[in-house]
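Input: a single structure, listed below in structure tokens.
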Amino acid sequence: MGPQPLPQVAALPPYVPGKPPTPRPGLRTYKISSNENPYPPLPGVLETAQAAAAEMNRYPDMGCSELYGELSSRLGVAEDELAAGAGSVALIFHLLAAFSGPGDEVVHAWRSFEAYPIAVAAAGATGIEVPLAPGARHDLEAMAAAITERTKVVLLCTPNNPTGAALSHAEVAAFVERVPSDVLLVVDEAYREFVRMDDPVDGLALRRAHDNVVLLRTFSKAYGLAGLRVGYAVAHPVVAAAVRAIAIPFGVSTIAQAAAIASLQAEDMLLERVEGIVAERERLVQGAAAAGWTIPDPQGNFVWLEPADLPGFLAAGEEEGLSLRPFADEGIRVTVAESEATNRLLALLERIPPPA
Ligand SMILES: *Cc1c(COP(=O)(O)O)cnc(C)c1O
């Protein structure tokens with residue numbers, strides 16, 4: 001039969017990427033299935049990336065020294081508290097591989113980011129999936145209760161992908177107190193730039209106060225660099241060193257490093273774009289409510305719908321040139337992007353009755 005993968009590898013749940021829309025003659029289509037930024041790169045960022053491409057015969061700077069320097073001065077953290085990766089997904093894999101293994105437990109909410117169960121299985125650890133509370137929010141009470149002496153890592157995703165609800169700073173600060181100091185608490189802040197709630201999570205304050213807290217951030221969403229694969233962790237130097245030690249050498253390309261730095265330097269313009277997406281989101285929330293749909297308070301660049309007829313809703317979206325992202329038979333995640341996509345989604349929500 002030949003070589004066989006480990007049983008946990010054979011059993012891995014697949015990561016399902018968002019589908020591109022089916023082409024419709026005469027109709028512009030929108031891919032709103034992957035929480036991508038709809039805007040093309042800013043001119044300065046694109047030119048910087050193009051210039052960096054001229055060095056593709058050389059390995060990248062493995063130490064990401066310029067990127068660490070830029071992040072360090074912006075965030076007010078030391079460079080040895082940073083670890084960059086090929087997207088924050090890579091950092092999730094590295095953290096779990098470095099801090100958990102066979103016999104260990106990793107507590108996380110479910111439904112949440114679909115990369116978590118894959119990374120847990122890849123580390124050989126056991127995932128403890130804690131069902132979401134009403135409002136599609138993390139059930140922090142149940143998550144605290146799920147921590148045992150076998151727990152090595154707890155993952156929080158705020159705002160939660162795919163349901164959109166976010167935790168408040170007070171909630172997370174109270175939760176940290178219930179996590180033993182030798183258990184790693186990962187706060188996945190992939191959508192932090194889109195949060196507009198009262199008392200938003202101040203990840204850096206949590207990190208400063210607790211050596212077991214790790215923040216995960218990415219250039220893929222608000223900064224629009226999903227295709228280049230770059231994200232970073234802010235962590236205690238011992239944790240950051242473990243991530244760097246286990247990472248695949250040269251994982252963050254020269255182009256990605258250069259574009260990330262250029263994006264930080266163009267942050268004002270990028271955050272203006274984020275403001276535009278937040279305004280679209282508010283329009284969507286109000287229109288959905290007016291049409292009678294109840295949706296969890298969306299704090300990322302996406303909303304969560306639970307239509308009664310899920311395949312029917314997806315098909316209606318396809319008809320309108322919208323590629324949406326279903327999650328089993330639980331719900332549909334819709335990325336907030338161009339205004340015309342919002343218009344079409346609102347028309348669908350007005351036409352299709354909300355679940356009883
Ligand atoms: C998109 C996303 C990430 C980051 O993905 P990368 O492109 O690998 O940086 C991390 N966590 C969550 C919850 C996400 O939705």
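What is the number of the single condition among (1) away from the ligand (no atom under 15 Å from the Cβ); (2) part of a helix (DSSP H, G or I) that residue 61 does not meet?
Looking at each condition in turn, residue 61 falls short on (2).
Considering only residues that are in a strand (DSSP E or B) and within 13 Å of the ligand (Cβ to nearest atom), which ones fall in region 84-109?
84, 85, 108, 109
As an exercise: evaluate residue 130 against (1) over 30 Å from residue 293 (Cα atoms); (2) more than 14 Å from the ligand (Cβ to nearest atom); (3) in contact with a helix residue (DSSP H, G or I) (Cβ under 7 Å, 6 or more places away or on another chain) and give the number of the one condition it does not meet.
So the condition that residue 130 fails would be (1).
Kindly indicate whether residue 130 is crowded, with 20+ Cβ neighbours inside 10 Å and within 16 Å of residue 214 (Cβ to Cβ).
no
Among the residues of region 193-223, how many are within 16 Å of the ligand (Cβ to nearest atom) and assigned to a loop (DSSP other than H, G, I, E, B)?
Total meeting the criteria: 7.
Which of the residues belonging to region 320-354 are crowded, with 16+ Cβ neighbours inside 10 Å and in a helix (DSSP H, G or I)?
The answer is 341, 342, 344, 345, 346, 348, 349.
For region 143-192, give me the residue count where each residue is assigned to a loop (DSSP other than H, G, I, E, B) and either away from the ligand (no atom under 16 Å from the Cβ) or assigned by TED's automatic domain parsing to the domain that holds residue 331 (or both).
12
Is region 240-248 home to any residue that is among the charged types (D, E, K, R) and within 14 Å of the chain's Cα centre (by Cα)?
no
Mind listing whichever residues of region 245-265 are out of contact with any His (no Cβ under 8 Å at 6 or more places or on another chain) and within 20 Å of residue 94 (Cα to Cα)?
Passing the criteria: 245, 248, 249, 250, 251, 252, 253, 256, 257.
Could you list all residues from region 272-319 that are touching a strand residue (DSSP E or B) at 6+ places or on another chain (Cβ under 8 Å), more than 16 Å from the ligand (Cβ to nearest atom) and outside any helix (DSSP H, G or I)?
Listed by number, the residues that qualify are 293, 295, 305, 306, 307.
Of (1) at pLDDT below 95; (2) in a loop (DSSP other than H, G, I, E, B), residue 9 satisfies all except one. Which?
(2)
Can you pull out every residue in region 224-248 that is more than 10 Å from the ligand (Cβ to nearest atom), buried (at least 22 other Cβ atoms within 10 Å of the Cβ) and over 18 Å from residue 185 (Cβ atoms)?
Across region 224-248, the qualifying residue is only 224.
As an exercise: evaluate residue 81 against (1) within 16 Å of the ligand (Cβ to nearest atom); (2) buried (at least 20 other Cβ atoms within 10 Å of the Cβ); (3) closer than 30 Å to residue 149 by Cα and give the number of the one condition it does not meet.
(1)
Inside region 43-78, can you point out the residues that are more than 22 Å from the chain's Cα centre (by Cα), surrounded by fewer than 19 Cβ atoms within 10 Å (Cβ to Cβ) and hydrophobic (A, V, I, L, M, F, W, C)?
Correct list: 46, 51, 53, 54, 56, 62, 78.
The values are calculated or read from the model by the stated rules, or taken from the named source; none is laboratory data. No experiment lies behind these values; they were computed from the predicted model shown. Please note: Cβ atoms are built from the backbone with ideal geometry, for glycine as well, and neighbour counts cover all protein chains shown.
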